[in-house]
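Each remark here refers to the structure printed beneath this line.
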Amino acid sequence: LSEDQLNRKNQFVTNTISFIDNQLDRVKQNLSINADSLNDYRQKNKIFNLDEESASINSKLTTFEFEKDGINRKLAYYASLKTYLETSNKFTEVPAPSIAGIDDGNILANIGKINSLSVEKSKLEYSVRSEATIFDDLNREIEGLKTVLIENISSATAGLRRELQSVNSKIAIADSKIRKLPIDQQKLITIQRQYSLSEQTYNVFLAKRSEAEIIKSASISDILVI
């Protein structure tokens, strides 16, 4: 019973780790492909480094692209979360929002609450009759949190889309500067930027996985055997 209760308690973080592992596999493949492309281009064209101007533009563009990737990751998470809330009856399988870089206090708190209520409901289903009034109370609380969360998602999504427009404008300005550079520098910048983005994304997911593992390791069962 203690082991089963701990597994249920950790289901949220377990699903998060599983999701991160899938993302790490995908990004790792991209990282390997981009590394090979970068090395091949350097060897074939005998160009190994960017000049000072190109390096400066590339650094800014990489920062903007990474920022854009982060915004798109948040938007994708919100879209997935909204679909999950609208179509599911259990809420213990949604990955933690922190993996997408989401730090909205309201959303983090409400997801934690709805997950806890869902875990509590799941535990009671093993020991309480289905017609018990406690299930009605839990369902009302869950439905109320779903409504609030969907409103939170709508507001957050609108803000992210405004951020995305701003970042896209910055990227367009940087791209126009790159098009003025020599062709070999342009191609090297493109390949190098793809590699840098893959590397940064991989490191982000790796850090998130470590955080989730620490949380899981620190979790203990609420059942005490005397």
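Quick look at the numbers
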item	result
Against the rule of thumb 2.2 N^0.38 Å, how large the Cα Rg of region 112-215 comes out	1.86
Loop-exposed GluC sites (Glu not before Pro) per DSSP, neighbour cap 12 Cβ within 10 angstrom, longest uninterrupted part of the chain	1-124
Mean residue ellipticity (222 nm) of the chain, computed from DSSP H runs ≥ 4 via -39,500 (n - 2.57), nearest 500	-29000 deg cm²/dmol
Distance (nanometres) between label positions extended 7 Å along Cα→Cβ at E211 and E3	3.1
Total formal charge among the other residues, if their Cβ is under 11 angstrom from that of N139, Lys/Arg +1 and Asp/Glu -1	-1
For region 49-167: span of alpha carbons on each principal axis (Å, largest first)	72, 26, 22
Overall Cα dimensions of the chain - principal axes, largest extent first, Å	73, 38, 24
Within the chain: Cβ-based charge dipole about Cα centre, in debye rounded to nearest 20 (Lys, Arg +1; Asp, Glu -1)	760
Alpha-carbon gyration tensor eigenvalues x 5, square-rooted, for region 164-226, Å	47, 14, 4
Cross-link pairs beyond the 25 Å C-alpha cut-off, checked among K28/K187; K113/K208; K82/K113; K46/K170	K46/K170
Excluding exposed DSSP-loop trypsin sites (Lys or Arg not before Pro) (at most 10 other C-beta within 10 Å), longest clean stretch of the chain	47-128
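Coordinate-derived values only; no laboratory data. Note that the structure is predicted; figures quoted are calculated from it, not measured. Neighbour counts are summed over all protein chains in view; Cβ atoms, including those assigned to glycine, are modelled from backbone coordinates with ideal geometry.
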